[in-house]
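As structure tokens, the structure follows; a few thoughts come after it.
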């Protein structure tokens, strides 16, 4: 792909637009929201058995409904759960106020938008950097092509014998 200094104003305009988008983002939050379901306990405090599901993973088992002796099924939840990475560990926090869930969703979405804008800003910055390097290289080489070699006579091409 040929780099042209004619692209410079367009790239600079893209850069300014991306920077304005960054300034509009205020509340950012890392992580994701999921719903957590809990297993049910009997009246005596013993945990309800999950039945004939020995090969289910712990995560899969969280979403099972529990069948009581009378045949009714019970599932406790959903409880909103904020999960994020912190110091190479997964940290989960249960959100106790359901009214805050939309705010958390909005903040998480803003963080994803921030990451997307920053990625685009880096791409535009790299293209601007390539143009700057190409401009320096073009100024450095005489004639802008850099194909002339030292010691070659002007009328002779590569591989041709010299006139005697």
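When residue 9 is tested against (1) within 30 Å of residue 133 (Cα to Cα); (2) in contact with a helix residue (DSSP H, G or I) (Cβ under 9 Å, 6 or more places away or on another chain); (3) loosely packed, with under 11 Cβ neighbours inside 10 Å; (4) modelled with pLDDT of 90 or more, exactly one condition is not met: (2). Check whether at least one residue in the stretch 69-77 is surrounded by 10 or more Cβ atoms within 10 Å (Cβ to Cβ), under 25 Å from residue 30 (Cα atoms), touching a strand residue (DSSP E or B) at 6+ places or on another chain (Cβ under 7 Å) and modelled with pLDDT under 55, and report yes or no. Looking for residues that are surrounded by 10 or more Cβ atoms within 10 Å (Cβ to Cβ), under 25 Å from residue 30 (Cα atoms), touching a strand residue (DSSP E or B) at 6+ places or on another chain (Cβ under 7 Å) and modelled with pLDDT under 55, one finds none in the stretch 69-77, hence no.
So how many residues does the stretch 92-117 have that are closer than 23 Å to residue 7 by Cβ and surrounded by 13 or more Cβ atoms within 10 Å (Cβ to Cβ)?
Start the filter on the stretch 92-117 by keeping residues that are closer than 23 Å to residue 7 by Cβ, which leaves 116-117.
Subset that is surrounded by 13 or more Cβ atoms within 10 Å (Cβ to Cβ): 117.
Residues flagged as closer than 23 Å to residue 7 by Cβ and surrounded by 13 or more Cβ atoms within 10 Å (Cβ to Cβ) within the stretch 92-117 amount to 1.
Of all residues in the stretch 84-102, exactly one satisfies the criterion of being part of a helix (DSSP H, G or I) and touching a residue at least 24 places away in the same chain (Cβ under 8 Å), namely 101.
Comparison of 105, 58, 112 shows that the only residue that is out of contact with any strand residue (DSSP E or B) (no Cβ under 9 Å at 6 or more places or on another chain), at pLDDT 95 or above and under 27 Å from residue 33 (Cβ atoms) is 112. The one condition from (1) in contact with a strand residue (DSSP E or B) (Cβ under 7 Å, 6 or more places away or on another chain); (2) at pLDDT below 90 that residue 84 does not meet is (2).
The values are calculated or read from the model by the stated rules, or taken from the named source; none is laboratory data. All values reported here derive from a predicted model rather than from experimental measurement. FYI the Cβ positions are ideal-geometry reconstructions off the backbone, even for glycines, and counts take in every protein chain you see.
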